[in-house]
Amino acid sequence: MNRWKLSARLAATVAIATAAAAGGAAQKAAEQKAAPAQQSGAPQQSEGAAAAPGGTMGYGVRMGGFFNDQHKQIATRSFQQHFAKAKTCPKDMQREGKTCRALVKGSYWVVGQPVQKAVETFPLPEDVQAKLPPAPQGYEYVRAGEDVLLISKGMRLVVDMIQNAIS
């Protein structure tokens, strides 16, 4: 690897790490700010409600912290209903009984890393996306294989995912 590519990769890695650290620090500050309000009896949102509206609380989305268990159940149920009604499967899937399965098994993406260029992603069906909380500004939902990913629009960085949503 030539010297310029190594320098560019190192600079990109430092930038991503710095952004992630800043997001974590901002989240801690927000939690500490909320703690006195909680002790004083001020109304507090539940843990699930904090992520549900898709709000970013002014500092971004926490890596791996957007989807909760309720979102995962809703996505799985919505995909089951969607594919039970559909007569055909998307081009990267094949029918197995009342559902569709990905032709390629396995995941080639991970939270905190960009989606590889070789990975083909697809928009979520409208009826499935309508049941999930709105994606925060600057992010979008996509389907890759049997997983639902929340990715940043610019870098296509995987922020959170629901594994095996189509099962």
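The values are calculated or read from the model by the stated rules, or taken from the named source; none is laboratory data. Fair warning: this is a prediction, and the values are worked out from it, not measured in the lab. Neighbour counts run over all protein chains shown; Cβ positions are idealised from the backbone, glycine included.
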**Asked** If the Cβ limit is 7 Å and pairs must be 6+ apart or interchain, which residue in the range 73-97 that is under 15 Å from ARG143 (Cα atoms) pairs with which residue that is modelled with pLDDT under 85 and of a type in the set (Val, Ile, Thr)?
**Response** PHE79/ILE166; GLN80/THR99; PHE83/THR99
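Rundown of residues vs (1) aromatic (Phe, Trp, Tyr); (2) modelled with pLDDT of 95 or more; (3) buried (at least 16 other Cβ atoms within 10 Å of the Cβ); (4) within 19 Å of THR99 (Cβ to Cβ), yes/no style:
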| position | (1), (2), (3), (4) |
| --- | --- |
| GLY112 | no, no, no, no |
| GLN116 | no, no, no, no |
| PHE122 | yes, no, no, yes |
| GLU126 | no, no, no, yes |
| GLN129 | no, no, yes, yes |
| GLY138 | no, no, no, no |
| ARG143 | no, no, yes, yes |
| ASP147 | no, no, yes, yes |
**Message:** Looking at the range 48-62 only, could you name the residues that are within 16 Å of GLU140 (Cβ to Cβ) and modelled with pLDDT of 75 or more?
**Reply:** VAL61
**Prompt:** How many residues are in a loop (DSSP other than H, G, I, E, B) and surrounded by fewer than 23 Cβ atoms within 10 Å (Cβ to Cβ) if we restrict to the range 155-165?
**Reply:** 4
**Which numbered condition PHE67 misses (of (1) in contact with an Asp or Glu (Cβ under 6 Å, 6 or more places away or on another chain); (2) at pLDDT below 85)** = (2)
